[in-house]
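**Q** Got a structure here, written out as structure tokens. Questions coming.
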Amino acid sequence: MKVKICGQTSLADSAMSIRAGADFIGVVLDVPWSKRSLNLQAALPIFQEYGNRSFLLTFDKVVDRAMVEIVSTLDPYALQLTGREPAEDIRKIKELTGKPVFKSIHMPAANGGSVDERSLCRRIEDYEKSGADGFILDTATNGMYGGTGVRSDWAAAARIIEQVHAPVFLAGGINPDNVAEALKVPGIYGIDLASGVESSKGVKSGEKLLSLFEAVKIAGTRSRF
């Protein structure tokens, strides 16, 4: 079970997340609505130190020479497209950069109405046909696409994951108190969280990170019996 700690804003927090047990970290680049977004200069030290474990998160970014240059400079493990990018972008990015590409798929908040599972599965299928290497099932609410601290309907998420061939991270509202429940969602490749281990927006909490990984360890031990 993989754990990805997203929304990294400093090298210190990235190092703390890795030491605590994170398999991957994520850095948001040039996303105006995100308070965790960094520019290229601020993001570079994180990728220089942890590039082989770092996801580069973008939002509706045009696939052009400038994007390719950014990917070449940062050299991330993978890209994560978090917006409304067309499926064709997956193929283009992979051809131009040679990097794995993951796609965020957004569900409504658990109390935000019904989930159109059929429509989401069709979208995922389109992205898979274009070569997506994996997905992040996240929550969209109040104009924010991820990083909301709000969970979706995890039962619906499980039904969607059952139809997906590629690895899927579960995201949205996961924290040390409910991570054991999140880990029970069948079929997930890992969990992905940001606000659940923060002391304030964009600042990771060492105490919450330790609590999270202790809960993950306990849940893993219990699952073997």
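The values are calculated or read from the model by the stated rules, or taken from the named source; none is laboratory data. Predicted model, so just to flag it, every value in this text is computed and none were measured. Positions of Cβ are backbone-derived with ideal geometry, glycine not excepted, and every protein chain shown enters the neighbour counts.
**Q** Here are the criteria: (1) more than 29 Å from Arg122 (Cβ to Cβ); (2) of a type in the set (Lys, Arg); (3) touching a strand residue (DSSP E or B) at 6+ places or on another chain (Cβ under 7 Å). Tell me which single one Lys103 does not satisfy.
**A** Every condition holds for Lys103 apart from (1).
**Q** Now for a different question. Listed residues Ser14, Ser37, Ser10; which is more than 28 Å from Gly187 (Cβ to Cβ), polar (S, T, N, Q), modelled with pLDDT of 95 or more and out of contact with any strand residue (DSSP E or B) (no Cβ under 7 Å at 6 or more places or on another chain)?
**A** None of the others qualify; the one that does is Ser10.
**Q** So the check is Cβ under 6 Å with 6+ separation or different chains; which pairs have a first residue in the stretch 78-91 that's surrounded by fewer than 24 Cβ atoms within 10 Å (Cβ to Cβ) and a second one that's small (Gly, Ala, Ser)?
**A** From the stretch 78-91, the pairs are Ala87/Ser130; Arg91/Ser130; Arg91/Gly131.
**Q** Follow-up. Identify the single condition in (1) surrounded by 22 or more Cβ atoms within 10 Å (Cβ to Cβ); (2) among the basic types (Lys, Arg); (3) at pLDDT below 95 that Lys103 does not satisfy, given that it satisfies every other one.
**A** Condition (3) is where Lys103 drops out.
**Q** I'm checking my understanding of the structure. Among residues of the stretch 174-225 that are of a type in the set (Gly, Ala, Ser) and touching a Phe, Trp or Tyr at 6+ places or on another chain (Cβ under 9 Å), which one is surrounded by the fewest Cβ atoms within 10 Å (Cβ to Cβ)?
**A** Only one residue fits best here, namely Gly190.
**Q** Next question. Report, by residue number, each residue of the stretch 69-92 that is farther than 14 Å from Leu29 by Cβ and assigned to a helix (DSSP H, G or I).
**A** Answer for the stretch 69-92, where residues must be farther than 14 Å from Leu29 by Cβ and assigned to a helix (DSSP H, G or I): Ala87, Glu88, Asp89, Ile90, Arg91, Lys92.
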